[in-house]
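Written below as structure tokens is the structure these notes are about.
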Amino acid sequence: MLPALACSTALSVAAISAYADDTLHPGTPQLDPPTLVALGVELPITGDDNFNATVTLRYRRTGTSAWHDGLPLQHVHAEVVTGFSVQPQFAGSIFDLAPDTTYDIELHAVDPDGAVDATRMLTGHTRAVPAKEPAHPHAVAVTDHASLQSALDAAKPGDVITLANGTYAGVVSFGASGTAADPIVIRGQSEDGVVLDGMACTGCNIVEAYGSFLHIESLTIQNGERGIRYQTSGAQENVVRRVHLRDVTLGIGLKADQQNFYIADNVLEGRLEWPCVYTSDDVACNGDAANNVQHGRHANDDGINVQGNGHVVAHNVLSGFGDAMKTEQDGAISVDFYGNDVLWSYDNGIELDGSARNTRALRNRFTNTFATLSFQPIFGGPSYAIRNVLVNVTDEQFKLHSRGADPTVGAVIYHTTVVRSTRAIQCSTAASPLDFTVENNLFIGPSALDADMHAVRWDVPLVKTGLLDYNGFYPDGIYEYGYDNANGGFTAPSFAALAAAGPWEKHSALVGAASLAGGIVGAVDWHALLLPIVPGLASGSSAIDRGTVLPNIDDGYLGAAPDLGALEAGCALPLYGVRPLGMDEVNEPLGCVPGSGSGSGSGSGG
């Protein structure tokens, strides 16, 4: 006979099973805040307790007849999310759309339980690139710090405050707001010629703003603890464009619940120098030998720190920060990071930490980073990292960690090229990441492995809820997928053994040392500062045509199938960092344009 408690538990489980609802009941779909080039969708549901329903997506420009397939929506496993309230749903994104454009979206939900076959329609409109001029401009000229502060104190919607070339010594603060049609514009005569100098201030914000619809453009901000700080919760539609920030601890910082900022084509230079990283807080980290054990004390020296939803962080160049870019507010949705170029970073290249769904890191380049792509945690997802280039990763390329007891759930990683000096993959956490996807990536380690001979080390208890396939690896060695072998972990002594018996990587490949152009492999020593490169595929690389088709991501491929990694062979190279004057999301080339080298190869979207 069972003890009373065990009997009660058994009856409870039986009761739950009896009342489980395996039939999908789709609700009314909703759109996340739109960005300039992406739309996020949420489909609330009940039922589908056995998780066998699917929801496909297609889209078209309103007024046209041609439909494009998007990625299927992802079933958000709310039942395993802790630390943040998430409702049962399907969710996903449409990528590489045109700004200021209306799209029809069709969701098709199918569930064999109950013969569900339902279609839901909705319409979304992408945001426009912020206008360069107000609808009703009013010119205000300033020549020194006093006249600048006076102009900011008196600012009204439509003011275009132009700073003459020169140095403006001291901090500035303003509380006015513009409007959507008539933002307040603070613009330098030239980016290099106008310098707002914090005069080595500490505990300060060189530029402190409290309003909404404020544009800061074409000037330099330097020599203070924090560069630009937006202080009002809920502020919206602020713009930082073609600004140079240097000699600061924090570059651009936001506050809670702010919405729809556009931070683009800026150069941000922090105070940390390579090889100053998370585990070496010594003289190299602007400290002293006695601080060598204080790991992580620069982890919050942020380049761009956003909170709230709908933000776009695009084509910036960042160096010398703890985390180059990050989401800081739990529950973030619809935040885009694309085209950014991180030259070196003490800790993370980008943190999508705390995201709920539809945060997106696309086509960024990261060189000389500690733990590059951080998902710590994701509250259900999907949170996307797509077509990113990671070269000289010191520690983990994917930080799929928990936060305390809260696991990361719903990370989606496609088409990454990784070059590391230690092994092809390293992910170490005592809490298993859940319901994550790693496909069409290329992982290149060093020619000589460490003494433990691991080429791949998913050093986590289990990866059994992860989808890992269609990836390429170098070199051969030990392949570990979870260390809890009693409950489904698997370790193979070689890639051949993994392919023969492992539950993962069934369509993956062991690639050679010459897979990347120039024979690039992981450096012997990560301490040397590497210049940014574009690690395209070599002619005849075994990573060519080895991927699986991902609609709206790589369906513009050349050849027989998509290539592995971030760069499709034969396509024009993507743009990283600051774009040429006159180029923005309206005319930036996207997709696979045949040309020299290797390029993004993203699917059609416009």
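The values are calculated or read from the model by the stated rules, or taken from the named source; none is laboratory data. Computed from a prediction, not measured in an experiment: that's the story for all the values here. Don't worry about glycine lacking a Cβ; one is built from the backbone with ideal geometry, like all the others, and counts go over all protein chains shown. Side chains included, ligands, DNA and RNA excluded: accessible areas come from the protein's heavy atoms. Shrake-Rupley method; radii C 1.70, N 1.55, O 1.52, S 1.80 Å.
For this structure, a couple of remarks:
- Residue-wise HN-Hα couplings along the stretch 20-35, as the Karplus relation 6.51 cos²θ - 1.76 cosθ + 1.60 with θ = phi - 60° gives them from phi, are 4, 10, 7, 8, 6, 10, x, x, 8, x, 9, 9, 6, x, x, 10 Hz; Gly and Pro carry x.
- Ordering Ile544, Gly234, His25 by the projection of their Cα atoms onto the charge dipole of the chain, which places +1 on the Cβ of Lys and Arg and -1 on the Cβ of Asp and Glu, puts Ile544 at the extreme positive end.
- Protection proxy ranking of 371-383, 159-171 - average other beta-carbon atoms within 10 Å, highest first: 371-383, 159-171
- Relative to the longest principal axis of the Cα atoms of the chain, helix 4-18 runs at roughly 80 degrees.
- Under-5 Å amide H pairs with Lys399, H placed in peptide plane, nonlocal only: Leu373, Ser374, Phe375
- Listed peptides 448-461, 560-573, 350-363 appear in the order 350-363, 560-573, 448-461 once ranked by packing, highest mean of other Cβ atoms within 10 Å at the front.
- Extension gain for Ala66-Ala20 works out to 12.5 nm (0.36 nm per residue, less the C-alpha to C-alpha distance).
- Rounded to the nearest 20 debye, dipole of the chain from Cβ charges on Lys, Arg, Asp, Glu: 560 debye
- Here is how the number arises for the chain: DSSP H runs of 4 or more residues each give -39500 (n - 2.57), the sum is divided by the residue count, and the result at 222 nm is -1500 deg cm²/dmol.
- Spatially, the stretch 45-72 and the stretch 117-177 are offset by 39 Å when compared through their Cα centroids.
- Here the label points at Ala135 and Met583, each 7 Å from Cα along the C-beta direction, are separated by 3.2 nm in the simple model.
- Distance in nm between pseudo-label sites at Ser233 and Ala180 (7 Å out along the Cβ direction from Cα): 2.4 nm
- For the chain, share of DSSP beta bridges that run antiparallel, in % to the nearest 5: 25 percent
- Summarising the amide proton neighbourhood of Gly522: residues at separation of 5 or more, or on other chains, whose placed amide H is nearer than 5 Å comprise Arg420, Gly445, Ser447.
- Residue-count net charge about Leu537 - beta-carbon cut-off 13 Å; Lys, Arg +1, Asp, Glu -1: -2
- Under 5 Å from the amide H of Leu362 lie the amide H atoms of Phe337, Tyr338, Gly339, Ile386, each residue being 5 or more positions distant or on a separate chain, with H modelled from the backbone and absent for Pro and chain starts.
- Mean accessible surface per residue for the chain, computed with a 1.4 Å probe while every protein chain stays in place, in Å²: 35 Å²
- Environment charge of Ala256, counting only residues whose C-beta is closer than 11 Å and scoring Lys/Arg +1, Asp/Glu -1: -2
- Relative contact order of the chain, pairs being alpha-carbon contacts under 8 Å that are 6 or more residues apart, as %: 9 percent
- Each Lys and Arg adds +1 at its Cβ and each Asp and Glu adds -1 at its Cβ; summed about the Cα centre, the stretch 384-473 shows a dipole of about 120 debye.
- Förster radius 51 Å - calculated FRET efficiency between Ala528 and Ser190 (Cβ-Cβ, nearest 0.05): 0.90
- Modelled label positions at Leu122 and Ser150, each set 7 Å beyond Cα in the direction of Cβ, lie 5.1 nm from each other.
- The relative contact order of the stretch 342-395 comes to 43 percent, based on Cα pairs under 8 Å that sit 6 or more residues apart.
- The stretch 384-424 residues near the modelled Lys464 label - backbone nitrogen below 19 Å, point 7 Å along Cα→Cβ: 407-410
- Solvent-accessible area, 1.4 Å probe, carbon plus sulfur percent, for the chain: 56 percent
- Stretching Asp257 away from Ser494 to a fully extended chain increases their span by 80.5 nm, per 0.36 nm per residue minus the current alpha-carbon distance.
- Net length available on complete extension from Val593 to Ala164 is 150.3 nm, with 0.36 nm assigned per residue and the Cα-Cα distance removed.
- Protection proxy ranking, highest mean first, for peptides 27-35, 546-554: 546-554, 27-35, where packing is the per-residue count of other beta-carbon atoms within 10 Å, averaged.
- Dividing the mean sequence gap of close Cα pairs (under 8 Å, 6+ apart) by how many residues the stretch 378-443 holds gives a relative contact order of 40 percent.
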